[in-house]
Every structure is written in structure tokens, then in C-alpha cells.
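Bear in mind these aren't lab numbers, they're just calculated from the coordinates by the rules spelled out. Note that the coordinates shown come from a computational prediction; the quantities given were computed from them, not determined experimentally. Cβ placement follows ideal geometry from the backbone for every residue including glycine, while neighbour counts extend to all protein chains displayed.
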């Protein structure tokens, strides 16, 4: 996948974004991206998962992608102590994306902690995926998630994100805003407008050519007038002479 190699290169930017988000909602699962998330485009998405329990560890985290807003493909980046699995779903009706016919899409991504590991209380973990083919039919990609603790408790992060200015729900689903893909600007042809200054320049240029032609004609005429007459007895090839009878 094209985006897989980009994950490591943007790790620093993701960390900065995640820490910034932490100051806003430190107890919420959030999704951030260093890329401009554009409808139908590609992006690296990072989920910041905090452990909210006082004693239990987070041992599994699953994020789902709704079929109504399909994601075409996703790759994961390795996380020490965790395994990742990308699940796909076959579509009832294939999607036509440009020249590509899509028969299955990503349904979920699950990270599972290995034995003895996990997210400890008061800590958080970041999980990154490289997504190819973001949905083009929504303005906001909402990705409901579940967080499982080693005590058996499961927290559902599935509340719809609040409208601007509204109170935030207890467990909002991680989400990203998708921008419209900017259409290429049409080429603009500027018509040529002849000004009076341009007309004057054209008249001056034409007058100069006319004067040059007249000067050339005068010079040739003067040269012809200065041509010497032929000496007596000299026969000019250009003027035939009649034979003289004896």
C-alpha cells in the first residue's frame, strides 16, 4: 500500500497532535491526523487511547468503520507488545471508484495486547493506520470504538460527536472532519486588448519602415546617377550598338 511507508515518517507530528488533543479531552479516545483529510483521499490516522480505570489494564481496542461510509483499505504500524488485525467486509453491491471496482471494504481494526502487557492506569497508547480511500459521501468520518480491560469491562465509544457549542457526551466516538476535494482551477484566457499606446507604437513602427524604404530608394537612385559613361569605342553589353557601314 502506498501510505504504509509514511507512518514512521509522521510519528513526530502525530505525537504532537495527540498531546495537543490530550489537553482538550484527556479522558477520551480521540482520532488525529497530520494530513489534510480529504474526501476520497488517503491519510494516516492515529487513535489515542487512555486507560481510565483505577486498577485494570486496557488489553484490546477495536475501531469500526460503518458500511455507509466505507474505507477502501488500511494498513497498521507495529506497536510493541500488541498485535493488529484488519477485518474486511464483502459488499452486497460493488462500488465503482474511478476505474476501480471495489468488492470489499475495511470493517474494523483490532489491536490486542500480548500477555503481561497493555495500557496501565494513568497511561495511554497510540495506534496508527494508513488509510487509502477515505469516504467521499460524508463530511465527517465517525469511527465507533470499543475498549476492553483485563477485568472484563468494555467501554463503548459510540456516542455521536456533538455539534459545535453543544455539550460533549460521555463517550464520543473518535471522528475526523473530511474536506471537499478541491477541483482544479479552470484555465483562464485573458483577451489581448489593444490600447491607444499600442496603436501609437504600431504607427511609429510602420512609419519607420516606410522611411527606411524611401531612403533605400533614394540611395539606389543616387548610385545610378553617379555611374560613369562608357568610353568611346566601348560596347556596353546591356546596350546593343548598330553595325557601321563602310
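Estimated from the Cβ-Cβ distance and a Förster radius of 25 angstrom, the FRET efficiency linking residue 89 and residue 54 is about 0.10. Descending by average beta-carbon neighbour count within 10 Å, the peptides 95-107, 50-62, 148-160 line up as 50-62, 148-160, 95-107, the highest first. Residues 170, 132 in ascending order of nearby Cβ atoms (within 10 Å, fewest first): 170, 132. Give me the extension gain from residue 138 to residue 101: residue separation times 0.36 nm, minus the current Cα-Cα distance, reported in nm with one decimal. So the extension gain works out to 11.3 nm. Computed as a quarter of the hull surface, the mean projected area of the alpha carbon convex hull for the stretch 4-177 stands at 10.5 nm².
Using all pairs of distinct alpha-carbon atoms, the Kirkwood hydrodynamic radius of the stretch 97-179 works out to 15.8 angstrom. If the segment from residue 180 to residue 117 were pulled out straight at 0.36 nm per residue, it would be longer than the present Cα-Cα gap by 18.6 nm.
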